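*Asks:* Take a look at this one; I'll ask things after.
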Amino acid sequence: MNNKRDTVIQPEHLILLCGAILLVVLIAFITIGHPFPSFAAENVRPSTRTSLTVTYPESSESSSSSLLNINTADALELMTLPGVGEATAKAILDYRREHGLFRSTEELIHVTGIGEKKLEEILPYITVD
């Protein structure tokens, strides 16, 4: 009754066990560390626990160092601009990806979701330098 097979893991089983553990770890990294949000249903926004406070300068004459460069800003930075939410920030990034860098701040008028009124609100806070 003292069979080695009962007490020792066979090499081929050990390889399978290590492979299964590696596969589970890989799947965990892929699903937990996935950079894109997953939505349970259409038109349902995921809840976030992030609090964001945005303050704007009092005067419209800002120094160029405090202006947001729309050619280098990421989505979160763009969302600090007045009237720019997640969809508009994505549209700006998409436009920049498709057409290259903005040559002037007024070129934002060509971005879907930005009209003349929104552009006027944004202009004092942005630069292309």
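Each reported figure results from applying straightforward, stated rules to the coordinates on display, with no laboratory input. Just so you know, these numbers come straight off a predicted model, no measurement behind them. Here the Cβ positions follow ideal geometry from the backbone for every residue, glycine too, while neighbour counts run over all protein chains shown.
*Asks:* If I take R0 = 35 Å and measure r between the Cβ atoms of ASP74 and ILE21 in this structure, what FRET efficiency does the formula 1/(1 + (r/R0)^6) give, to the nearest 0.05?
*Replies:* 0.45
*Asks:* Students often check this: by mean Cβ neighbours within 10 Å, which of 110-118, 84-92 ranks highest, and how do the rest follow?
*Replies:* Packing proxy ranking, top to bottom: 84-92, 110-118.
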